[in-house]
């Protein structure tokens, strides 16, 4: 890798790509009564191929580098079909959390969605019919067995865009960001089996990976064969 000066870089007769490190310095202490220094907020994105990267992209031939980067920054933030979040511990999970003792499960989930994703609870209301199932978890450091309920909220693309925009306004120490899940398997020479199979290589909280796979089939988003093929491809990466 050769380091270039600004003049050398902008005048080089090659393809140009530009990406941006968007951040905000922070002196806050977060989690567990301020045990950890936040240091800074850094924005990254989950790419189409299932890998993480910085926002940006290819600068068009003859286009100013800064103008091209500005255009890419406007283009790359798109809506998703399946919403997951990057948690404080570096793992992926679904929005939600612990239901308080004596609290109705649906009411508790609605409260957690408001806290973690800024979900408009007057516009998007969950009901018992949205329940997909539950599992009893008795490991992973749990002091006692925990019932893991899983719900599905189906919305239109326009509504999804509104939900994602609202989620960007949240300031919750437990949530580092919301991401889209790439639900396709790429078949390119240098990206073979990227996309969903590569996304599945990430670390997931609790049962989130299994919940994702099962929900995709239950809701008819993917067939069981498609999910099985993605899991197999993921294991080979």
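Listing for the model above:
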item	result
Hits in region 199-235 (condition: part of a helix (DSSP H, G or I) and modelled with pLDDT of 90 or more)	224, 225, 227, 228, 229, 230, 231, 232, 233, 234, 235
Residue ID - nearest to residue 68 (Cα to Cα), chosen from residues in region 20-29 that are surrounded by 11 or more Cβ atoms within 10 Å (Cβ to Cβ) and modelled with pLDDT of 70 or more	26
Single condition residue 154 does not satisfy, out of (1) touching a residue at least 60 places away in the same chain (Cβ under 8 Å); (2) in a loop (DSSP other than H, G, I, E, B); (3) surrounded by 12 or more Cβ atoms within 10 Å (Cβ to Cβ)	(3)
Tally, over region 95-108, of residues that are out of contact with any strand residue (DSSP E or B) (no Cβ under 6 Å at 6 or more places or on another chain), surrounded by 16 or more Cβ atoms within 10 Å (Cβ to Cβ) and within 27 Å of residue 33 (Cβ to Cβ)	3
Which listed residue, of 135, 143, is in contact with a strand residue (DSSP E or B) (Cβ under 9 Å, 6 or more places away or on another chain), at pLDDT below 85 and either over 23 Å from residue 200 (Cβ atoms) or in a strand (DSSP E or B) (or both)	135
Of residues in region 210-231 being crowded, with 18+ Cβ neighbours inside 10 Å and in contact (Cβ under 8 Å) with a residue 24 or more places away in the chain, the one nearest to residue 129 (Cα to Cα)	215
Odd one out for residue 206 among (1) touching a helix residue (DSSP H, G or I) at 6+ places or on another chain (Cβ under 8 Å); (2) surrounded by 17 or more Cβ atoms within 10 Å (Cβ to Cβ)	(1)
Identity of the residue in region 65-85, loosely packed, with under 14 Cβ neighbours inside 10 Å and part of a loop (DSSP other than H, G, I, E, B), that ends up modelled with the lowest pLDDT	78
Residue 129 vs. criteria under 24 Å from residue 99 (Cβ atoms) and surrounded by fewer than 15 Cβ atoms within 10 Å (Cβ to Cβ)	yes
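The values are calculated or read from the model by the stated rules, or taken from the named source; none is laboratory data. Small disclaimer: the values here were computed from a predicted structure and weren't measured. Cβ: placed from backbone, ideal geometry, glycine included. Neighbour counts: every protein chain shown.
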